[in-house]
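Q: What follows is a single structure, and I will ask about it in a moment.
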Amino acid sequence: MTNEELYLKERVGQKNPFRTPEGYFDQFTANIMAQLPERQPVAKKVAMPIRHWFYAAACVAALVVTAFSFHFHEVSNSQQQAAVSESYIDEAADYAMLDNMDIYQLLAEE
């Protein structure tokens, strides 16, 4: 501590010498608001910078590309599954030594 601080502590002590009037902060906000001048709110025109349009277009393009990639991925998976199931049926028919006439006869019996 400096000498000035020590002198003030000896003279005043730890007690706060400043006081506010009773009820001062009860109406503080209302008093300040009453002293402010009245003014009309000004409508601001918000201009969107050109780079925001580029960002929005990039987001839309990313969404479209993602949607198409999922769609084509689903289509290719279903085609692969169909090819696998056809080859499985062909292999099963070969294993059972069935020809087309036998398959037609089995289907007709049901």
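Q: Tell me the carbon and sulfur percent of the accessible area for the chain, rounded to whole percent, probe radius 1.4 Å.
A: 61 percent
Q: Classify segment 1-57 from the C-alpha gyration tensor, please: rounded if a/c falls under 1.5, else prolate or oblate depending on whether a/b exceeds b/c.
A: oblate
Q: Heavy atoms of the protein only, probe of 1.4 Å, neighbouring chains included. What is the accessible area of V60 in Å², nearest 10?
A: Surface open to solvent at V60 totals about 90 Å².
Q: For H71, H52, what's the largest-to-smallest order of accessible area, 1.4 Å probe?
A: Listed by decreasing accessible area, they come as H71, H52.
Q: Would you tally the net charge around N100, using a Cβ to Cβ cut-off of less than 13 Å, leaving N100 out, and scoring K and R as +1, D and E as -1?
A: Taking every Cβ under 13 Å from that of N100, the sum is -4.
Q: Separate question: Could you state the accessible area per residue of the chain in Å², with a 1.4 Å probe and every protein chain left in place?
A: I get 104 Å² per residue for this part.
Q: Using a cut-off of 12 Å between beta-carbons, work out the net charge of the residues near N3 (Lys and Arg +1, Asp and Glu -1, N3 not included).
A: So the surrounding residues net to -2.
Q: Please report Rg (one decimal) and Dmax (integer) in Å for the Cα set of the chain.
A: Reported Rg and Dmax, both Å: 42.9, 119.
Q: Hydropathy first: keep DSSP H helices in the chain averaging at least -0.5 on Kyte-Doolittle, then drop any whose Cα extent along the axis falls short of 20 Å, and list what survives.
A: Helices meeting the criterion: 50-95.
Q: Given the options R19, R11, R39, which has the most mean-square fluctuation in a GNM of the chain, springs set between C-alpha atoms less than 10 angstrom apart?
A: Maximum fluctuation in the GNM of the chain, among the listed residues, is at R11.
The values are calculated or read from the model by the stated rules, or taken from the named source; none is laboratory data. If you're wondering where the values come from, they're calculated on a predicted model, not measured in any experiment. Every residue, glycine among them, receives a Cβ derived from its backbone with ideal geometry; neighbour counts consider all protein chains shown. To get the accessible areas, we keep the full protein, side chains included, count just its heavy atoms, and leave off ligands, DNA and RNA. Shrake-Rupley method; radii C 1.70, N 1.55, O 1.52, S 1.80 Å.
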